[in-house]
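Input: a single structure, listed below in structure tokens.
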Amino acid sequence: MPCRCIPAVDITIYRSSQSAEGIQAQAYFLRKGLAFEDLDISNNPQALSKIEEISGQKERPVVVVNQKTFIGFNPEELDLVVPSLF
């Protein structure tokens, strides 16, 4: 059986703990079988500063995939750059 290997993917989600879009982003990457760093901006001043630096706002989650930034959760947009194990 051939290997379903995927290239390394560096994923970070910046979100508030109450963000529905942030929770959807987490579930999306879990379904894809990909590891990600989850940074809660509600109790992490460094993550809050970073999300403001990256996106200029803090109301929506920011997802960074291999240094490409996505503001909010848009699965169709992410599907174009995120490989899947399944």
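The values are calculated or read from the model by the stated rules, or taken from the named source; none is laboratory data. On a predicted model such as this, the values are computed, not experimentally measured, just so you know. Using ideal geometry, Cβ is built from the backbone for each residue, glycine included, and neighbour counts are taken over all protein chains shown.
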- prompt: Can you tell me which residues in segment 24-34 are closer than 15 Å to VAL81 by Cα and either among the polar types (S, T, N, Q) or outside any helix (DSSP H, G or I) (or both)?
  reply: GLY33, LEU34
- prompt: Looking at LEU39, is it assigned to a helix (DSSP H, G or I) and at pLDDT 90 or above?
  reply: no
- prompt: Are any residues in segment 42-80 surrounded by fewer than 16 Cβ atoms within 10 Å (Cβ to Cβ), in a loop (DSSP other than H, G, I, E, B) and under 12 Å from the mean Cα position of the chain (by Cα), and if so, which ones?
  reply: ASN66, GLN67, ASN74
message: Looking only at segment 1-31, filter to residues that are touching a Ser or Thr at 6+ places or on another chain (Cβ under 7 Å) and at pLDDT 90 or above; which one of those is surrounded by the fewest Cβ atoms within 10 Å (Cβ to Cβ)?
response: SER16
